[in-house]
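The next block holds one structure in the form of structure tokens; read it before the comments.
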Amino acid sequence: MKKWFRTYPDMSRLILSAFLLATALIGSGFIHISFVPVGMVLVILVTWVMLRSEGRDLSFLGFDVKVHHLLLIPAGLVLGITSFLLSFYVGTLVRGDHIMFNRTIDGTLLLKEFWQVLPTAAVQDFIIVGYCYVKLIELSNKWIATVMFGIFFICLHNIWGSNIVNDLFYASGLFIGYLMFSTAFLRSGSIWLVIGLHWGNNFANSYLFTFTRTATSWLFISGQQKHDLTVWQAIGLFIALNIGTVSVIAATKLIWRTKK
């Protein structure tokens, strides 16, 4: 075992990190502490340990309290929410649905759900653009690493059902979504931007702009019915699904330069 670590140090660290992250996620299911996102804490701890083994720390991922990095959180939130809103709006145009404003929003519940979205997003971000992603880039290159983790990101979501066309439709959207996250990380040099993007996008998707009226939705679709889509509508929905993320990718490349 020691000989393997000496001969293949980077590969060994990548495998060990993946094992520890999986263990942390499984173990977090058996540890319950009030108001403490155990899974997020354990994943960040594993990342820190692996970075320390190389003489690095979490600032290597831009996860620190520098002002210019912390400002990436609200920037990511705004971009993430706007990204989904754009896709939501274009999708309603393609389907011919009507958008309604919700005038009775439960503000307390909305704030609660806002904070509850964060731990899940952060856990995924430390897995998909964290230590393992950077290590795989060092072992290969950013293109191979991005494709492999993009496929892995799809596997993290339960999208597979009986309709293979719909499954591939959403899988492609998830892959493009991962390109948004990886681009944000590589350009800004900080995982804070990725967390903000993921947090904002998931929050908007689940609670702000919904297909049915909920207690937290700002906008919802009125009288939505099942549509028999034409080929052009299907193409339009594919564009709608990805127009928000593609726009964020373009904005990210315009605002930030690639960081080493």
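The values are calculated or read from the model by the stated rules, or taken from the named source; none is laboratory data. Computed from a predicted structure; not experimentally measured. Heads up, the Cβs are rebuilt from the backbone with ideal geometry, glycines too, and the neighbour counts pull from every protein chain shown. Side chains are part of the model used for accessible areas, which takes the heavy atoms of the whole protein and leaves out ligands, DNA and RNA. Shrake-Rupley method; radii C 1.70, N 1.55, O 1.52, S 1.80 Å.
In the chain, what is the count of Lys pairs whose alpha carbons are under 19 Å apart, counting only pairs at least 8 residues apart or on separate chains? Walk me through the numbers before you get to the answer.
Working: Lys66/Lys259; Lys66/Lys260; Lys135/Lys259; Lys135/Lys260; Lys142/Lys253; Lys142/Lys259; Lys142/Lys260.
Going through the chain pair by pair, I get 7.
Converting phi to 3J(HN,Hα) with the Karplus coefficients 6.51, -1.76 and 1.60 and the offset θ = phi - 60°, the stretch 52-68 yields 5, 5, 10, x, 10, 9, 5, 5, 4, 9, x, 9, 8, 10, 5, 4, 5 Hz in sequence order, with x at every glycine or proline.
Relative to the longest principal axis of the Cα atoms of the chain, the long axis of helix 72-95 makes an angle of roughly 40 degrees.
Between the amide H of Gly189 and those of Lys259, distances stay under 5 Å, these residues lying 5 or more places away or on another chain, with hydrogens modeled in the peptide plane. Measuring nothing but protein heavy atoms, the accessible surface of the chain at 1.4 Å probe radius is 68 percent carbon and sulfur. The label point for Trp218 and the one for Trp232, both projected 7 Å from the Cα toward the Cβ, are 3.2 nm apart. Running Debye on the stretch 1-67 with equal point scatterers at the Cα sites and no solvent, what base-10 log of I(q)/I(0) appears at q = 0.26 Å⁻¹? Relative scattering, expressed as log10 I(q)/I(0), comes to -1.11.
Once the Cα atoms are used to define both axes, helix 191-203 deviates from the longest principal axis of the chain by about 30 degrees. Among the listed options (i) 65, 13, 13; (ii) 24, 21, 20; (iii) 34, 21, 18, the one matching semi-axes √(5λ) of the Cα gyration tensor in Å as calculated from these coordinates is (iii). For the chain, take the longest principal axis of its alpha carbons; what is the angle in degrees between that and the long axis of helix 164-188, to the nearest 10 within 0 to 90? Once rounded, the angle reads 60 degrees.
Using helices alone, I'd like the mean residue ellipticity at 222 nm for the chain: each DSSP H run of four-plus residues gives -39500 (n - 2.57), total over residue count, nearest 500. Mind showing how you got there, number by number?
Working: 11 runs with 177 residues, N = 260.
Rounded to the nearest 500, the figure is -22500 deg cm²/dmol.
Approximating the spin labels as points 7 Å out from Cα along Cα→Cβ, the Leu168-to-Ser59 distance works out to 4.8 nm.
If r is the Cβ-Cβ distance from Phe211 to Thr108 and R0 is 22 Å, what FRET efficiency results, to the nearest 0.05?
Working: r = 23 Å, r/R0 = 1.05.
That pair, Phe211 with Thr108, gives E of 0.45.
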